[in-house]
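First comes the structure, then the notes that go with it.
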Amino acid sequence: MTKNLRDITKYLLMFLLSSFIGWVYEIICVYVVFGRYFDRGVLHIPCCPIYGFGMLILYFLFRKIKNPAVIFLGSVGITTSVEYLTAIVAEYKFHRILWSYNGWPLNFQGRVSAVSSCLFGIMALLFMKLVIPVLDRIYSSKAAKTVSVFAVLIFLCIVAWELHFFVK
């Protein structure tokens, strides 16, 4: 397997893992705040793709940074900015409020909260320091080809599953 193909499947697996972790985070937040289960995902599977895209962006920005404080603070700043801008665009362009942090401590206009921002920073730091090294070890081992095929198959199954809801 070529290095480029191996890297692409590694990024795909990072996307899938962080999308699932983001979905779990969303489920837990809703349960803690409202005391009930509510699927916050936009797909028919347990994942929130925005977390996958966000983690990939953070990975490419911070992959060479060793200092955990820089990764944490940079992730907090970037995710908070993106979350705030997304809330503004959704509200004024599409007349939709997709989330509200009203009632959360240290929130700003209900669009962002220092609590959620710190949680995003912690998740990014943990992903960079715990998950990425494991993926690096896997992708430098003999299991790389098997894991790559597995990641592609999972992705193709997800795409097929989602498409079947639109083809009906």
*For the chain, what's the relative contact order in percent, using C-alpha pairs closer than 8 Å and at least 6 residues apart?*
24 percent
_Only sites in a loop by DSSP and with at most 16 other Cβ atoms within 10 Å count here; which trypsin sites (Lys or Arg not before Pro) in the stretch 103-151 make the cut?_
142
_Selected from 143, 151, 124 as most flexible by GNM, with the chain as the system and alpha-carbon contacts under 10 Å_ = 143
*What's the local net charge at residue 109, with K and R +1, D and E -1, over the other residues with C-beta under 15 Å away?*
-1
*Angle, helix 144-167 long axis vs. longest principal axis of the chain, Cα atoms, 0 to 90°, nearest 10?*
50 degrees
*Which order do peptides 84-93, 48-57 fall in by mean Cβ count within 10 Å, highest first?*
48-57, 84-93
*Counting other C-beta atoms within 10 Å, which of 23, 161, 99 has the fewest, and how do the rest follow?*
161, 99, 23
*Note down the relative contact order for the stretch 1-96 as a percent, whole number, built from C-alpha pairs under 8 angstrom at least six residues apart.*
25 percent
_Nearest-0.05 FRET efficiency for residue 44 and residue 152, computed from C-beta distance (R0 22 Å)_ = 0.65
*In terms of modelled amide H atoms, which long-range or inter-chain residues lie less than 5 Å from the amide H of residue 111?*
101
*What is the helix-to-structure angle for 68-94, meaning the angle in degrees between its Cα long axis and the longest Cα principal axis of the chain, kept from 0 to 90 and rounded to the nearest 10?*
60 degrees
*Among all the lysines, which ones have a C-alpha under 30 Å from residue 142's C-alpha, if same-chain residues fewer than 8 places away are not counted?*
3, 10, 64, 66, 129
*asked:* To test your reading of the geometry: what angle, between 0 and 90 degrees and rounded to tens, separates the Cα axis of helix 49-62 from the longest principal axis of the chain?
replied: 70 degrees
*Electrostatic dipole magnitude of the chain [Cβ: Lys, Arg +1; Asp, Glu -1; Cα centre; debye, to 20]*: 520 debye
_Report the per residue volume, in Å³, of the convex hull enclosing the C-alpha atoms of the stretch 18-168._
137 Å³
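Only the coordinates and a few stated rules stand behind these numbers; no lab work does. Quantities reported herein were computed from a predicted structural model and do not represent experimental measurements. Every residue, glycine among them, receives a Cβ derived from its backbone with ideal geometry; neighbour counts consider all protein chains shown.
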